[in-house]
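To keep things clear, I will list the structure first and then write my remarks on it.
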Amino acid sequence: MAGREVAEAAWRWVLDQVRWDDHGPWIPEEIESPEVRPDRNGSYGGTGGLAYVLAEIRLSRPWTAEEKELADAIAGQLAAAIPAEEDCTFFDGLVSSIGALTALGAPGADAAVERLAGLATPTGWPQTSVGPPRYLPDARINDMTLGTAGVLLGALWARRHGVEAQPVAEHAAGVLLAEAEVLPTGMNWPFVSDRFRVEPGGVQMPNLSHGVAGVALTLALAGAELDRPDLVAAARGGAEHLISLGTTDGEGFVVPRYLPRDHNDEDEVTYTWCHGVSGTSLLFTALDYAGVDEVAGEAPLTWHRRCLHSVRTSGLPQRLHPGFWDNDGRCCGTAGVGEVFLDSWHRSGEPGDLEFALHLADVLVERAIREGPHAYWRFIEHRADPPLLPPSVGWMRGAAGIAAFLFHAARAADAPTADASSAPPVPRMDTWWNCAQP
């Protein structure tokens, strides 16, 4: 399959970008920005994200000696950094390390949880993403990628791997309940609560990455894993509020990426993992996992199918106009959407989900830039001059994440018809419930 060949070529390109210093391996964010990243160990764009590619490759073929050396070095580097790590996030900190270490089957998740416990405060965990003058110095973030919900997600994942993480999970859940906004439409968690803002209000991003969708998702999982019906009820309230913000059009469902809707000149709606309904669809499979029968008059899995219908009929992966679908990565583009559809196929066996995922894989193969043994992708920022961006390397924005999706898609394409179990997904902290067969 051409997809497997391009996956190998893209991974070869990523491996050739790996640099080494006294602390271990690191990768540049972009080829034209070759300096060491402060978050060099992170999953978003650092070496932690390569752990997920290595885990995927292990399901396709044995590791080479080079890959084994890299895996061991990543695990050692992550474990060595934990005692002094102060970043607690899903993207780049201690929660990221839990995900990467478990993906490699390496020890260290228990130390990361212990460090999270030591950094906890009554209002949550320290962060460096927001601060004065718009926010108070001790501001806390609620969301799944940079805030308390991410700590909860990481603690639940560590607990599923035998780590005593329940105290951290319970504390994170308690902080989220305390920060909830109880509204006539349900429950809400803004990116940062008003009490930490210099001026109340501000822009909200309600979808998965920074908003109520991600917080409600983690609370649903926590309610199921910790036997806490109150957390499931809060998650359901968050989903009801989210639905009140969206548009139900025929068989679809979409939520604006920003509120107020005219926050900037970007499209009001997108379909990505981070700010669109591909990612937000994961909330509804989490609610189903938690045993919720109905949300806003329909079953959670009906809302899930509505999300996927909107994605499928949106026009992506075609670049319909400047700014629409100019990215092929995991966070904001084609690979992330394709992975959501592959997960849905694994869970439901729906052949249309596999068909659409493989279509997206074919488009990624067509868009790959081939140079000798290498393949990579360049995205577009239509407002920049020149609009063609430098190629990126890492998991969420670059060739590493796209390669992993193509490896996964190739395994799925080789599976017997309607037999998702023969091409099992890599269980990850942010998807395990979404791809588990009922």
Flagged in region 236-272 as of a type in the set (A, V, I, L, M, F, W, C) and either more than 17 Å from residue 301 (Cα to Cα) or assigned to a loop (DSSP other than H, G, I, E, B) (or both), in numbering order, are 245, 253, 255, 259, 269
Of all residues making up region 285-335, the number that are touching a helix residue (DSSP H, G or I) at 6+ places or on another chain (Cβ under 7 Å), open to solvent by 60 Å² or more (accessible area, probe 1.4 Å) and more than 16 Å from residue 255 (Cα to Cα) = 2
If we scan region 235-258, do we find a residue that is free of Cβ contacts under 8 Å to residues at least 60 places away in the same chain, surrounded by fewer than 21 Cβ atoms within 10 Å (Cβ to Cβ) and within 18 Å of residue 170 (Cα to Cα)?
-> no
Residue 409 is checked against (1) buried (at least 24 other Cβ atoms within 10 Å of the Cβ); (2) of a type outside the set (Asp, Glu); (3) out of contact with any helix residue (DSSP H, G or I) (no Cβ under 8 Å at 6 or more places or on another chain) and fails just one. What number does that condition carry?
-> (3)
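Here is a yes/no grid of residues against (1) in contact with a His (Cβ under 6 Å, 6 or more places away or on another chain); (2) closer than 26 Å to residue 323 by Cβ; (3) open to solvent by 40 Å² or more (accessible area, probe 1.4 Å); (4) small (Gly, Ala, Ser):
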{"residue": "337", "(1), (2), (3), (4)": "no, yes, no, no"}
{"residue": "344", "(1), (2), (3), (4)": "no, no, no, yes"}
{"residue": "350", "(1), (2), (3), (4)": "no, no, yes, no"}
{"residue": "354", "(1), (2), (3), (4)": "no, no, no, no"}
{"residue": "370", "(1), (2), (3), (4)": "no, no, yes, no"}
Mind listing whichever residues of region 9-40 are surrounded by 13 or more Cβ atoms within 10 Å (Cβ to Cβ), touching a residue at least 40 places away in the same chain (Cβ under 8 Å) and not aliphatic (A, V, I, L, M)?
-> 11, 12, 13, 17, 23, 24, 25, 28, 29, 30, 39
Among the listed residues 3, 46, 76, which satisfies the condition of being surrounded by 19 or more Cβ atoms within 10 Å (Cβ to Cβ) and either closer than 22 Å to residue 154 by Cα or among the hydroxyl-bearing types (Ser, Thr, Tyr) (or both)?
-> 46
May I ask you to say which residue of 151, 95 is over 18 Å from residue 426 (Cβ atoms) and crowded, with 21+ Cβ neighbours inside 10 Å?
-> 151
Considering only residues that are of a type in the set (A, V, I, L, M, F, W, C) and in a loop (DSSP other than H, G, I, E, B), look in region 198-220 and name the one that is least open to solvent (accessible area, probe 1.4 Å).
-> 208
Quick one: residue 135 ticks every box in (1) touching a helix residue (DSSP H, G or I) at 6+ places or on another chain (Cβ under 7 Å); (2) under 17 Å from residue 193 (Cβ atoms); (3) open to solvent by 60 Å² or more (accessible area, probe 1.4 Å) bar one, so which box is it?
-> (3)
Does region 57-68 contain any residue that is modelled with pLDDT under 95, among the β-branched types (Val, Ile, Thr) and open to solvent by 20 Å² or more (accessible area, probe 1.4 Å)?
-> no
Selection within region 176-197 - assigned to a loop (DSSP other than H, G, I, E, B) and touching a residue at least 12 places away in the same chain (Cβ under 8 Å) = 180, 185, 189, 190, 191, 193
Hey, does region 256-279 have a residue that's touching a Leu at 6+ places or on another chain (Cβ under 7 Å) and among the small types (Gly, Ala, Ser)?
-> yes
Scan region 271-282 and report the pairs whose first residue is more than 12 Å from residue 211 (Cα to Cα) and whose second residue is outside any helix (DSSP H, G or I) and aliphatic (A, V, I, L, M), with Cβ atoms within less than 6 Å and a gap of 6+ or a chain change.
-> 271/316; 277/254
Of the numbered conditions (1) out of contact with any Pro (no Cβ under 7 Å at 6 or more places or on another chain); (2) surrounded by 14 or more Cβ atoms within 10 Å (Cβ to Cβ); (3) in a loop (DSSP other than H, G, I, E, B), residue 435 satisfies every one except a single condition; which is it?
-> (1)
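The values are calculated or read from the model by the stated rules, or taken from the named source; none is laboratory data. Source: prediction; values computed, not measured. Backbone-built Cβ (ideal geometry, glycine too); neighbour counts: all protein chains shown. In case anyone asks, the SASA skips ligands and DNA or RNA and just uses the protein heavy atoms, side chains included. Shrake-Rupley method; radii C 1.70, N 1.55, O 1.52, S 1.80 Å.
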